Amino acid sequence: MYRRAKKQARRKPKRETRRFSAPPQLEPGAPTDLQLMHAIQSQDPEALSQLYDRYNGILKALILRVIHNEAEADDLLQEIFMEIWNQARNFSAQKGKPLGWMVTLARRRAIDGLRKKQAYARAEQRLQSETEQQPDAWVHNATEEEIALSDTRFLIRKVINGLPPAQQQAIDLAFFRGMSQREIAAKTNTPLGTVKTRLELGLKKIYDGLKELKDEL
Amino acid sequence: MNFEQFQNQSRLYVIGALEPEEVEEFEKARKKFGQKAEDFITKCYALHEAFALSLRPAKASAAIKDRLMSMVRERKVS
């Protein structure tokens, strides 16, 4: 089945399609993420190569968002794909989609790396200035061109950007920096209870917003 | 803890933002709600995917893939 999908992918021309449920637009007949994961579980290097081509940009962006260092991010990206290869047998489709599993793994490794490395202090300083200048860190890269793009990223960011900046900031610090509620409270000079409320409300709005997006598309 | 509270806690749990003292109570509720709780937690992991997809993809160095694939092939041979 996977081999047939590979052949079809080579034969058919590219077509532009945009769907929420399939982040990078696959060529018709291209193997699904799940097919690639099954092939990786059977030790097929070609499947890892395809998965890498499909998701290295997303995972690198996530790692960079955590550790803010290009060279370290590249090294970590390589380690993470090696871990995907080594740990593929632990992936279960019943527990979620391959991308979700890879992102969880990449985030954990990136946050571990951040905590271990001496670069932590430098990244902290950079984060401090970012936080002061732009509490809603998700928004700071938006351009006219991006706003015009009606793709998955734009739709998700629309949901996130709909949150009050303080909620965005709390979620950003928790997800991308791995901070606890207490650490966020200390960092932002905010009472612990307020941080908890911001996280709960913000995550619920994003969760509900994503559900609506899936229903619409 | 009712199920709505459990749902709120689950979203914090999946991003690792529950405080240690909250985790014990969360785990008790998780047992109490059984499969329904597990299904909801699984759904919450979609948040991870969404946060990653909210970022602009970054370009990795071309050498990374070459190194990765040669490591994988070496390991497969040995």
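Surface composition of chain B: carbon and sulfur make up 51 percent of the accessible area, probe 1.4 Å. Other protein chain C-beta atoms within 10 Å of residue C-beta, averaged over B:60-73: 6. Residues A:42, B:10 ordered from highest to lowest accessible area at a 1.4 Å probe: A:42, B:10. Accessible area per residue (1.4 Å probe, heavy atoms of protein chains only) ranks A:112, A:33 as A:112, A:33, with the largest value leading.
The residues of segment B:3-77 present an accessible area of 53 Å² per residue when probed at 1.4 Å with all protein chains retained.
When nucleic acids and ligands are ignored and a 1.4 Å probe is applied, residue B:67 ends up with an accessible area of around 110 Å².
Per-residue accessible area for residue A:95 at 1.4 Å probe radius, Å² rounded to 10? Answer for residue A:95: close to 150 Å² accessible. Note on A:52-63: average number of Cβ atoms from other chains within 10 Å of each residue's Cβ is 5.
For chain B, the longest principal axis of the C-alpha atoms and the axis of helix B:3-14 are separated by about 30°. Calculate the length of the line joining the C-alpha centroid of segment A:159-179 to that of segment A:41-110, in whole Å. Computed from Cα coordinates, the inter-centre distance equals 23 Å. Among B:15, B:64, B:41, the residue with the largest mean-square fluctuation in a Gaussian network model of chain B, with springs joining Cα atoms closer than 10 Å, is B:64.
Total Å² of accessible surface buried at the A-B contact, 1.4 Å probe, nearest 100?
4600
Computed in the context of the full set of protein chains, the accessible area of segment A:149-217 at 1.4 Å probe radius has 55% of its extent on carbon or sulfur.
The values are calculated or read from the model by the stated rules, or taken from the named source; none is laboratory data. Because the structure is a prediction, the values reported are computed rather than measured. Cβ: placed from backbone, ideal geometry, glycine included. Neighbour counts: every protein chain shown. We work out accessible area using only protein heavy atoms, side chains counted, and drop any ligands, DNA or RNA first. Shrake-Rupley method; radii C 1.70, N 1.55, O 1.52, S 1.80 Å.
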